[in-house]
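Visitor: Structure in structure tokens, see below.
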Amino acid sequence: MQSSAVYDDLIRTRDNLGAGFLLLIDPDKNPVSDFLPMVEAARDCGVDAILVGTSFTLYSDFGRAVKEIKSVSTVPVIIFPGSFAQITPDADAILFTSLISGRNPSYLIEEQVKGAPFVKKFGLEPIPTGYMLIESGPLTSVQYLSNSMPIPRSKHDIACAHALAAQYLGMRLVYLEAGSGAAKPVPVEMVRAVSSYVNTPVVVGGGLCTPEDCAARIEAGASFVVIGNHLEGDGSFGQLRELTAATHTKDSIRI
């Protein structure tokens, strides 16, 4: 039986702190060395886990990036793969995602079939995740590369039906994704509708920039928020601490 230690730790974090904050690092956007100081300080800044993923892997050595991040991280490192080629042995777990909002079989099941043997071989903890693209303005990288339409921002019923299907399929997270650097984050009203409709913990990412953005999605029922692009190139930890403090509604930043 596969371990669920990382997932269980995330759920304890949510229960104890009100919600969890996940820092997304895209090694294709900036050299990993630019992120290592933030990775080292992640726990003191209130980060609960680090996601490592990219849409394309044009410039980076993804495996090396994960290994370097893991070597200095004091919080779990979780792969957030754009394809089966991003599965590498040095992480703690992997979001085993299926793009359930789309109808492209490559991202519904094909990449998963290719990747599953590597997850087993490397002993990674899989966290089955129903991944849903939400309309956020201009075309995002993940929409273009996956060749799939996002769920319209105003169609809460469609989002709820997809999330419920994910729950009935046994997925352990539902991820509402606006896209990296999205012009508009997932609407609060959609987060509230989905979170109240399913029992599966809801993750919200893309376009979140301020503590108020995070707090509003947590108040609406999200269990986790993800921020990455907004923090790229920012050497100050002050903003990160503000974001995590707004996410941890039951507690202050851990020291």
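Visitor: Where residues in the stretch 162-211 are surrounded by fewer than 18 Cβ atoms within 10 Å (Cβ to Cβ), out of contact with any helix residue (DSSP H, G or I) (no Cβ under 7 Å at 6 or more places or on another chain) and within 19 Å of Gly20 (Cα to Cα), which of them is modelled with the lowest pLDDT?
Guide: Residue satisfying both the conditions and the ranking: Thr210.
Visitor: Something else now. Between a first residue in the stretch 4-18 that is under 18 Å from Val174 (Cβ atoms) and a second residue that is among the polar types (S, T, N, Q) and buried (at least 17 other Cβ atoms within 10 Å of the Cβ), which pairs have beta carbons less than 6 Å apart while being 6 or more apart in sequence or on different chains?
Guide: Hits for this filter: Arg14/Ser223.
Visitor: Hey, which of the helices (runs of 4 or more DSSP H) in the stretch 133-223, taking only ones fully inside, have at least 3 residues that are out of contact with any Asp or Glu (no Cβ under 6 Å at 6 or more places or on another chain) and over 22 Å from Arg103 (Cβ atoms)?
Guide: In the stretch 133-223, the matching helices (runs of 4 or more DSSP H) lie at 188-197, 211-219.
For every residue, the table says whether it meets (1) crowded, with 22+ Cβ neighbours inside 10 Å; (2) at pLDDT 90 or above; (3) within 27 Å of Pro128 (Cβ to Cβ).
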| position | (1), (2), (3) |
| --- | --- |
| Leu17 | no, yes, yes |
| Leu23 | yes, yes, yes |
| Asp26 | yes, yes, yes |
| Asn30 | no, no, no |
| Asp48 | yes, yes, yes |
| Gly63 | no, yes, yes |
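Visitor: Still on this model: Hey, can you tell me all the residues within the stretch 13-34 that are closer than 15 Å to Ala91 by Cβ and of a type in the set (A, V, I, L, M, F, W, C)?
Guide: Within the stretch 13-34, Leu22, Leu23, Leu24, Ile25, Val32 meet the criteria.
Visitor: Of all residues in the stretch 117-158, which are aliphatic (A, V, I, L, M) and touching a residue at least 12 places away in the same chain (Cβ under 8 Å)?
Guide: Within the stretch 117-158, Val119, Leu124, Ile127, Met132, Leu133, Ile134, Val142, Leu145, Met149, Ile151 qualify.
The values are calculated or read from the model by the stated rules, or taken from the named source; none is laboratory data. What you see is a predicted model, and the numbers here were worked out from it, not measured in a lab. Cβ atoms come from the backbone with ideal geometry, glycine included; neighbour counts cover every protein chain shown.
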